[in-house]
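This report refers to the structure that appears directly beneath it.
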Amino acid sequence: MGIPGFFRWLSLRYPHIVKEAKRSPRNKTDFLYLDINAFFHVALRKKTANKQKKLTSRGMLSKVFAEMDVALNISNPQVLVYIAMDGVAPRAKMNEQRSRRFLTRPSSDEVVYDTGSTSLTNESEKSKDGFFVPVDNVSISAGTEFMQVANDAIKYYIYQRLNGRFKNLQIIFNDSSVAGEGEHKIFRFLNAQRSHPEYNSKYRHVVCGGDADFIMYALLTHEPNLRILRPGLEGKDVILNINTLRKHIIHDMVQQTSMEIDEDNIIEDFVCIANFLGNDFLPRLTHLGEARVDMLFSAYNSYFANEKRYITKKGAGINVENLLRFIKYLSLKKPGSMRKGKRSESENINDENNISKRANDYLKTICWSFQYYYGDCPSWRYFYPHHRPPTIPEILKHVKAHGFDQRFNADTPMRPFDQLICILPPNSSYLVPLPFRSLLTDPNSPLQEYFPKVFKTLHYKAILPFVNEEHLMQAMEPGYALLDEKEATRNSIDGRTHMYAGRDSVSFQTLYSLCRGVTQNFSASSIVFGKLSYDGPMLRSVNAPVSEFKEINFNKVAIAQYQLPLESDEPESSRSYSIPVKNPNAISFAHKLRERRLSSDYGSSHSKNAATSSDQKNKSKYSNFGSFGKNSVLGFL
């Protein structure tokens with residue numbers, strides 16, 4: 001979601017940076033990135049707009065596939081398509097997801113919640129194929145049965161298109177079994193490519209997604225050839241030129257200065273202070289009221305004209321002393337007005353210790369958010385543990401720049417079912433496996449305090465108790481022993497990312513040889529950087545996700561596992577070699593998830609001649625690649 005109303009504000013202030021997207025033979029890009037969750041949301045919105053009572057399996061998938069085709073046709077990718085789905089989100093995002101799912105803009109400041117309602121359960125039916133059709137956006141969450149079958153549906157789409165008119169492309173698919181938000185996965189990949197010393201800066205990129213925080217990610221890449229395609233906005237697709245937006249922001253941030261400015265630093269300062277507008281991790285600073293970015297622009301102009309100092313350290317964090325200086329200038333601006341709401345009884349807002357903690361937590365969460373937008377996840381479990389923001393006087397009084405700690409504890413993501421219990425309202429209990437449903441609905445549940453029947457609202461957000469992770473784990477532990485094999489697979493965060501190659505793509509011979517277990521050298525040029533590894537033999541046929549679709553026979557798409565160039569999952573004794581990353585300033589990713597197979601191979605379950613999991617492990621071969629073309633050499637050992 002990102003900053004509420006941010007895209008609309010941008011389109012009104014800079015109307016010429018947003019254009020309706022139309023297909024044209026002259027519109028070409030090299031890399032296209034698709035956030036699949038956005039397409040599922042668009043399909044459900046169109047169902048509501050058309051007043052459809054029920055969406056069938058075929059209807060749902062047809063709408064999503066059609067939206068994906070529109071993105072492909074508009075962008076006309078020449079090299080690669082990167083597809084990402086939301087996996088488990090950081091805890092900082094879960095609190096926003098929880099509020100959003102409990103509440104949909106009520107008119108009252110107090111809501112009575114029906115914890116016993118099962119109306120959604122009756123609507124959420126499986127087709128005869130076992131395909132789960134979501135009835136609302138709540139189902140589009142990692143760990144649900146829908147997301148599991150959606151993964152297979154997107155794989156079918158990839159095979160179908162690469163066996164058809166897009167056989168010249170290669171596609172990378174990072175599904176919901178891999179932890180991380182879709183947009184974060186996309187920009188992590190893009191940043192990794194740009195950080196490689198052999199990256200070609202002339203490549204053109206189009207990122208397709210609906211969230212406003214795509215803009216923040218895009219600005220921080222400093223990629224001049226990047227555009228954002230937003231699907232289904234008010235019934236039409238629009239495209240936003242990031243480079244043009246960047247120039248406008250720089251102009252509005254620094255209007256009066258005689259010094260030479262670092263434009264990248266100005267952009268990073270903007271992303272930093274934009275956190276005060278509120279996003280998925282923080283509430284809006286009350287001083288800004290309903291104002292948009294104008295007040296931030298005005299305060300930064302005053303700050304920079306007098307201080308001539310940057311707030312951020314150009315990829316190395318935030319200078320808290322300078323951020324506090326900026327906040328002083330912001331305090332001089334006339335406060336904006338904001339619709340009043342009732343105070344939450346769960347917070348003692350007048351307690352001095354709580355005020356100090358809230359002020360320091362707010363700035364620390366800004367540090368977390370800035371690092372997260374930059375491509376890192378500094379902590380999966382960290383979150384802002386307050387419903388309200390501090391006031392500016394509270395920040396200036398209680399936050400001290402000296403010794404301010406911007407470090408975070410290295411940890412791991414929560415499991416999908418843990419996340420579902422954290423974010424789902426009780427009447428969506430059907431989305432979790434049976435052993436966990438009573439935790440949401442039973443009045444005697446050990447977690448019942450986190451699912452109140454009556455709760456307050458503030459600025460269209462539900463004021464709910466923060467789920468204690470220790471209590472959560474203790475309550476869920478007995479249920480994990482009762483899960484069946486399929487449910488255990490749905491609960492994985494260690495899924496694999498895969499690369500698929502159409503027969504006419506420049507990478508096909510590389511992947512095809514891996515599928516056959518052949519070890520030899522191939523010619524290649526540097527286009528996509530990373531590491532490939534064996535993922536089983538090439539499929540002869542691919543089953544359809546629903547019976548209305550046709551099985552794909554005579555498949556000619558090769559597949560391999562893919563890892564980013566900066567990741568390594570190999571023991572020191574492995575005989576494969578990664579492409580060296582010579583750039584000492586390349587983006588580092590703090591939490592590299594090990595990609596290990598926890599379930600049967602996707603290829604094995606869809607092919608008559610696929611090897612067993614144990615056979616695949618014995619046959620495992622690794623290949624490292626620059627990419628696919630004619631000049632450089634790939635080494636297979």
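Structure notes:
- Across segment 204-212, not a single residue is classified as closer than 17 Å to Ala89 by Cα and at pLDDT 90 or above.
- Note on segment 298-331: residues that are out of contact with any Ser or Thr (no Cβ under 8 Å at 6 or more places or on another chain) and closer than 15 Å to Val254 by Cβ total 14.
- Subset of segment 215-253 that is part of a loop (DSSP other than H, G, I, E, B) and out of contact with any Ser or Thr (no Cβ under 9 Å at 6 or more places or on another chain) - its residue that is modelled with the highest pLDDT: His222
- A single member of Ser438, Ser445 is small (Gly, Ala, Ser) and out of contact with any Phe, Trp or Tyr (no Cβ under 8 Å at 6 or more places or on another chain), and it is Ser438.
- Answer residue from segment 493-512, given it is buried (at least 21 other Cβ atoms within 10 Å of the Cβ) and hydroxyl-bearing (Ser, Thr, Tyr) and is nearest to Gly180 (Cα to Cα) among those: Thr497
- Selection of segment 441-475 for residues being in contact (Cβ under 8 Å) with a residue 60 or more places away in the chain, closer than 22 Å to Gly87 by Cα and part of a helix (DSSP H, G or I) yields only Glu469.
- Meets criteria (outside any strand (DSSP E or B), β-branched (Val, Ile, Thr) and at pLDDT 90 or above) for Val506: no
- Test: Asn265 is without any contact (Cβ under 8 Å) to a residue 40 or more places away in the chain, closer than 24 Å to His205 by Cα and either more than 23 Å from the chain's Cα centre (by Cα) or surrounded by fewer than 16 Cβ atoms within 10 Å (Cβ to Cβ) (or both): no
- Filter result (in contact with a helix residue (DSSP H, G or I) (Cβ under 6 Å, 6 or more places away or on another chain), under 20 Å from Ile421 (Cα atoms) and not in a loop (DSSP other than H, G, I, E, B)) within segment 476-503: Gly479, Arg490
- The residues in segment 298-316 that are at pLDDT 90 or above and at positive phi can be counted, and the count is 1.
- Members of segment 174-197 found to be touching a Phe, Trp or Tyr at 6+ places or on another chain (Cβ under 7 Å) and not in a helix (DSSP H, G or I), listed by number: His196
- Scoring Ser346 on the criteria (1) of a type in the set (S, T, N, Q); (2) at pLDDT 85 or above; (3) touching a Lys or Arg at 6+ places or on another chain (Cβ under 9 Å) leaves a single failure, condition (2).
The values are calculated or read from the model by the stated rules, or taken from the named source; none is laboratory data. Just so it is clear, the structure is predicted and the values come from calculations on it, not from any experiment. Note that each Cβ is placed from the backbone with ideal geometry, even for glycine, and that neighbours are counted across all protein chains shown.
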